[in-house]
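J.: Following this message is one structure expressed as structure tokens.
The values are calculated or read from the model by the stated rules, or taken from the named source; none is laboratory data. A quick note: this is a predicted structure, and the numbers were derived from the prediction, not measured. Neighbour counts run over all protein chains shown; Cβ positions are idealised from the backbone, glycine included. The protein model used for the area step is the full one, side chains on, heavy atoms only, and it has no ligands, DNA or RNA in it. Shrake-Rupley method; radii C 1.70, N 1.55, O 1.52, S 1.80 Å.
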Amino acid sequence: ILSLSNTRGSFLAGLVDPSKVVVGGFSFGAATAGLVAATASPGLYKAVVLIDGWWHIELPKLKVNQDLPTQVHDRGLPGPALFVGSAEFKGYRRLREATLKVQGLVRGRGGKGDDVHVRKEKK
């Protein structure tokens, strides 16, 4: 979309302000949005919104126990970032730990954690 917005003669030409684009997702889509943000050109997205992100997968029967996407865990995320987590995720210890790890990897503009915002559902 950003490319089409910057292409002369495109039906989207000039319609998208790239300084206001936010990437976000829910569940595995949040992990995908994190991957997109982590691997994009710096400053491409204004913010990241991640709802109930799957930052870890554990499948004991298949012997799978992996933080993902690996690029997010290796590179971190650009800030500001909003993490929204439901109470349902509290029972998944490794997922919770991976989420806290990713929250700690947000590269904010202020450098003092002021670009990480967390919203948890209350029970």
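J.: Output the residue which, of all residues in the range 1-23 that are part of a loop (DSSP other than H, G, I, E, B) and under 24 Å from the mean Cα position of the chain (by Cα), is nearest to Leu50 (Cα to Cα). So that I can check it myself, show each step before the final result.
T.: Taking the range 1-23 as the starting set, the residues that turn out to be part of a loop (DSSP other than H, G, I, E, B) are 1, 6-17, 21.
Remaining after also requiring under 24 Å from the mean Cα position of the chain (by Cα): 1, 16-17, 21.
Values: Ile1: 20, Val16: 22, Asp17: 21, Val21: 14 Å.
Taking the candidates together, the pick is Val21.
J.: If Pro60 passes every condition in (1) more than 18 Å from Arg107 (Cβ to Cβ); (2) open to solvent by 60 Å² or more (accessible area, probe 1.4 Å); (3) in contact with a strand residue (DSSP E or B) (Cβ under 9 Å, 6 or more places away or on another chain) but one, which one does it miss?
T.: With (1) more than 18 Å from Arg107 (Cβ to Cβ); (2) open to solvent by 60 Å² or more (accessible area, probe 1.4 Å); (3) in contact with a strand residue (DSSP E or B) (Cβ under 9 Å, 6 or more places away or on another chain) applied to Pro60, the lone miss is (3).
J.: Could I ask something else about it? Which of the residues belonging to the range 15-32 are under 15 Å from Gly85 (Cβ atoms), out of contact with any strand residue (DSSP E or B) (no Cβ under 6 Å at 6 or more places or on another chain) and of a type outside the set (A, V, I, L, M)? Working first, answer last.
T.: Kept after step one, since they are under 15 Å from Gly85 (Cβ atoms), are these residues of the range 15-32: 24-31.
This time we only want the ones that are out of contact with any strand residue (DSSP E or B) (no Cβ under 6 Å at 6 or more places or on another chain), so: 25, 27-29, 31.
Those that are under 15 Å from Gly85 (Cβ atoms), out of contact with any strand residue (DSSP E or B) (no Cβ under 6 Å at 6 or more places or on another chain) and of a type outside the set (A, V, I, L, M): Gly25, Ser27, Phe28, Gly29.
J.: Now a separate question. Just name the residue that is modelled with the lowest pLDDT out of those in the range 65-108 that are open to solvent by 60 Å² or more (accessible area, probe 1.4 Å) and touching a strand residue (DSSP E or B) at 6+ places or on another chain (Cβ under 6 Å).
T.: The initial filter retains those residues of the range 65-108 that are open to solvent by 60 Å² or more (accessible area, probe 1.4 Å), namely 65-66, 70-71, 74-75, 82, 88, 90-94, 96-97, 100-101, 104, 107.
Applying the additional criterion that residues be touching a strand residue (DSSP E or B) at 6+ places or on another chain (Cβ under 6 Å) yields 65-66, 82, 94, 107.
Working: Asn65: 95, Gln66: 96, Leu82: 92, Arg94: 92, Arg107: 81.
Looking at the filtered set, the residue picked out is Arg107.
J.: Identify, by number, the condition in (1) part of a strand (DSSP E or B); (2) farther than 24 Å from Arg107 by Cβ that Leu82 doesn't meet.
T.: Every condition holds for Leu82 apart from (2).
J.: Would you check which residues across the range 46-57 are open to solvent by 50 Å² or more (accessible area, probe 1.4 Å) and in contact with a strand residue (DSSP E or B) (Cβ under 8 Å, 6 or more places away or on another chain) and list them? Steps first, please.
T.: Let us first name the residues in the range 46-57 that are open to solvent by 50 Å² or more (accessible area, probe 1.4 Å), namely 46, 51, 54, 57.
Hits for the range 46-57 are Lys46, Ile51, Ile57.
J.: Step by step: first the residues of the range 52-77, then only those that are basic (Lys, Arg) and part of a helix (DSSP H, G or I), then the one that is nearest to Thr99 (Cα to Cα). Which residue is that? If you could, list the steps in order and put the result at the bottom.
T.: Step one: of the range 52-77, the residues basic (Lys, Arg) are 61, 63, 75.
Add one more test, that the residue is part of a helix (DSSP H, G or I), and what stays is 61, 75.
Values: Lys61: 23, Arg75: 15 Å.
Out of the qualifying residues, it is Arg75.
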